[in-house]
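None of the figures in this text is laboratory data; all of them are computed from the coordinates on show. As the structure is a computational prediction, the values presented were derived from the model and not from experiment. Backbone-built Cβ (ideal geometry, glycine too); neighbour counts: all protein chains shown.
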Amino acid sequence: MENGSIRKTGLEVIQKLSEQKELRDFSEFETQLKHFQKRFQDEELRIAVVGEFSSGKSTFINALIGQDVLKHALQETTATLTRLVNVDQNDARNGRGCVTLRDGSTIQLDNFQQLRDYTTTSSEKLDVAAQVAQVELYLSVFPSRHPIVIVDTPGLNGMADGHREQTEELVQQAHACIYLIQRRGLSESDLQILRKLTGFQKNFIFIQNFIDELNRAEGETLENKLAEQNAILQEKVFAQAADAQYSLCGLSAWQALVGRDHSIQTEYDGNNASISEQRREQLYVDSNFPQFLTLLKEFLREDRLTQIQYGGTAKAMISWMEDLIRQVELQKSQLDDAYELSADRQMVKRLDEMIQKTLLEQDQARQQLKNFIVTVQNQLKKAEKKALQESVETLQQEVLAEIRNYGSGMDCVTAAQGIDEWQKKSLTVLLNQRVHELAQKEQEAFACREENVGQLLLDRINEYRGPKAEKLDLKPQTFCVDRPDLTPFDTEDKLKRDEQQIRADKEKLKEFDYQIRDKAEQKRQVLANASLTESRYRSMKAGISSREERLGKRPEAERISETTWVDRGGLLGWLLGPKEVESVGWNDLAGEKWDREKQELEEWKRKEEELKQEMLKYQLMIERLCEEQADNEERRKKLESRIREREKQLERDRQMIEREKAAAADSYLTLTKKKLEEQVENFLSAEPIDGHLWYEMWRTMEKHIAAAEEEYTRLAMNQLEKAIRDKVCWLTKAKEGRRSELQKQAEVLGKYSVLLEQLKEKLEENVV
């Protein structure tokens, strides 16, 4: 039949069921109808991306986007619903986004890099979980005219409250599911989750993530891994869900992301080497992402889309209706029992006794229920305590095996030199990862057991509702842990320490050589200055002696007499004529010249004295420098002697290391591994000591078990009260002979059972 008919028939069935008022009393009837109605009515095809916590969902979504925009780490980060809406490449919305807040307002995103502010728990802009309803990103994943949306879901076993329930609801509303498998493969908790998901989801694509971490050295190949996971799925999931279909492929989400996002510059954290374009292209090929896209395109072929969308919904609805039919038939059977009892008038007294007994034993039933819950929780405690202890012991052995196997295939020296880096970057990461996986595994195991206990209680209480049930048939059946903070192990590497000391000694030697050269240079300069000063002094002294000899005694002044004629004065002066006059003087020019030369000579003598003092100063400096030089030479000799001795010792050490390094490395490895083993054994000890992994996990488990006990008790008591009321009501009607009412109720349920069968068959005809 046409897929349009499947959709039409599905909506007709839903409409018919919604008109049956009596069915609304059955568990989650209206909620399930709404889910199926939405799946049939929606034009868009939704694909939910699901996986246990740290399965690599965020990295996978980033790879689909082609940008590293959603955070990914060993901590839960997704705080809101993220939808990837497939659009045409030419669509104006391509590469943009839209944030819808819980108050109905929207925020437009110009690019995907703004996404982190609105999707993660670490956002500084707003309280994402409280304020953001959803985020839509528009991108072209593959060409399709059909509206296709990929929905990111919270981790199934994340720490955040409500994540599991939210994920299950999103899967119920989706038309297909991409399920990511962790590096270790499918766990028991994965299988428990999948068995539940197959009840309302019929189209799966499984991705074995982390194929880049396959241990190919030990023969682990992608083909073997996929074959192994496929066998598990066939045997433990889809053997009980033959109406579901699935595909399986391998993928390295991280390699795909690095291959597509050119803003990522290094291949792995801690690797400083930039990625070449050739290497980036190779990573993309190795990631198997092209093969995944091919599988996805084939899975979502245009001629298959409506069948997946509406046919899968119809199959899920059929599974739900089968369970509903079982519930209706159980209740009808109980009403039939009440009707049979009412037909026998001899049973009136017995019926009255049954009513009174039910009423009188209400408290007993309540106590029995409480005792059962307590018993279940105590058994859980005992079993889970033992299981946790065994898991921790297994983890301890795995980590110890990793330590003991370190260095295999390596020479001892290389292994010894690298063990410090290995234990910091590999062992500690491994331990964190394994502890985290253990915690999540135990958490999901507890959640699954919690659901099983809840379903057991509901089934037993429903059975107790029957008139012929004498007592609650409760038989015990057989947790959530927080991840502890881990302090990385730290050890010293003696070889590295020795190398650092040698380098320090060589630097010190260079410093001493510099000091010696500096003192020698100072002495050379002082000697040069002293020699120049001495030369100037001797030249000055010789010049002074020569000038003193030339100068001699001071010359005496020369007497000079001069005769001149002067006019006579008086009345007769003219008559007598001029008279002769003699004048006497002294000439001291030679003496003055001698005085000047004498003064210059004295200045020379003063300068001679200054030069003499300068010579004395230089002499003292020379003597001091000679002493310092002698001291430095002595120190140098000693240093040289120490260096020669150290070099000889180093050479002897090198020779010894060369002779014994294999044995020494082996000894160092042994001691280091022993220390690491002791630390691991202490950390993973099952002793009730604060800080020990097992004890911290167990304390957390006890808290969750106690909380579960309280919740079970509340829910179970509510169900029990209703069951008692129904039971008393039916028994009362039987006692009072109100057969017609019982018959009418049974007939109504019978009609519902027939109606459900008819509607189910109608859907089945269309699904084929």
Q) Residues with amide H under 5 Å of TYR246's amide H, sequence separation 5 or more or different chain, H placed in the peptide plane at 1.01 Å from N; which? A) PHE204
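If I stretch the segment between ALA590 and ASP567 completely, what's the gain in nm (0.36 nm per residue apart, minus their alpha carbon distance), one decimal?
4.7 nm
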Q. In which sequence would SER55, SER247 go, from the one with the fewest C-beta neighbours within 10 Å to the one with the most?
A. SER247, SER55
Q) Under a point spin-label approximation (7 Å from Cα along Cα-to-Cβ), what is the ASP363-LYS703 distance to one decimal in nm? A) 3.6
Q. In terms of modelled amide H atoms, which long-range or inter-chain residues lie less than 5 Å from the amide H of ILE148?
A. LEU45, ASN86
Q: Rounded to whole Hz and in sequence order, give me ³J(HN,Hα) for the range 88-98 from the Karplus expression 6.51 cos²θ - 1.76 cosθ + 1.60, θ = phi - 60°, writing x for Gly and Pro.
A: 5, 4, 8, 5, 4, 7, 4, x, 10, x, 9
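Tally Lys and Arg at +1 and Asp and Glu at -1 over the other residues with C-beta under 14 Å from the C-beta of GLU521: what net charge comes out?
+1
By per-residue mean of other Cβ atoms within 10 Å, what is the highest-first order of 103-115, 666-678, 317-329? Please list the in-between numbers first.
Values: 103-115: 13.2, 666-678: 15.7, 317-329: 18.6.
The densest-packed peptide leads the list: 317-329, 666-678, 103-115.
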Q: In nm, give the distance between the simple-model label positions of GLU507 and GLU634, each being 7 Å from the Cα along the Cα-to-Cβ direction.
A: 3.0
Q) Between GLU764 and LYS38, what is the label-to-label distance in nm when each label sits 7 Å out along the Cα-to-Cβ direction? A) 2.9
Q: Calculate one ³J(HN,Hα) per residue across the range 16-24 by plugging θ = phi - 60° into the Karplus curve 6.51 cos²θ - 1.76 cosθ + 1.60, and present them in order as whole Hz with x for glycine and proline.
A: 4, 5, 5, 7, 8, 4, 5, 6, 5
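Taking loop as defined by DSSP and a crowding limit of 11 other beta carbons within 10 Å, which GluC sites (Glu not before Pro) in the range 191-222 fit? Mind showing how you got there, number by number?
Numbers: sites: GLU213, GLU218, GLU220; in loops: GLU220.
Of the GluC sites (Glu not before Pro), not one in the loops of the range 191-222 has a Cβ with at most 11 other Cβ atoms within 10 Å.
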Q: Convert each backbone phi in the range 537-552 into a coupling constant with the Karplus relation 6.51 cos²θ - 1.76 cosθ + 1.60 (shift: θ = phi - 60°), then list the ³J(HN,Hα) values in order as whole Hz, x for Gly and Pro.
A: 5, 5, 4, 5, 5, 5, x, 5, 4, 5, 5, 5, 5, 5, 5, x
Q) Are any of the pairs LYS34/LYS733; LYS196/LYS385; LYS16/LYS57 more than 30 Å apart by Cα-Cα distance, and if so, which? A) LYS34/LYS733; LYS16/LYS57
Q: Would you mind getting me the FRET efficiency between GLU645 and ARG624? Use the beta-carbon distance for r and R0 = 22 Å, nearest 0.05.
A: 0.10
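I need the calculated FRET efficiency for the pair SER667 and GLN113, taking r as the beta carbon distance and R₀ as 45 Å, to the nearest 0.05.
Values: r = 53 Å, r/R0 = 1.17.
Using R0 = 45 Å, I get an efficiency of 0.30.
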Q | Interchain or long-range residues, amide H under 5 Å from THR80's placed H | A | none
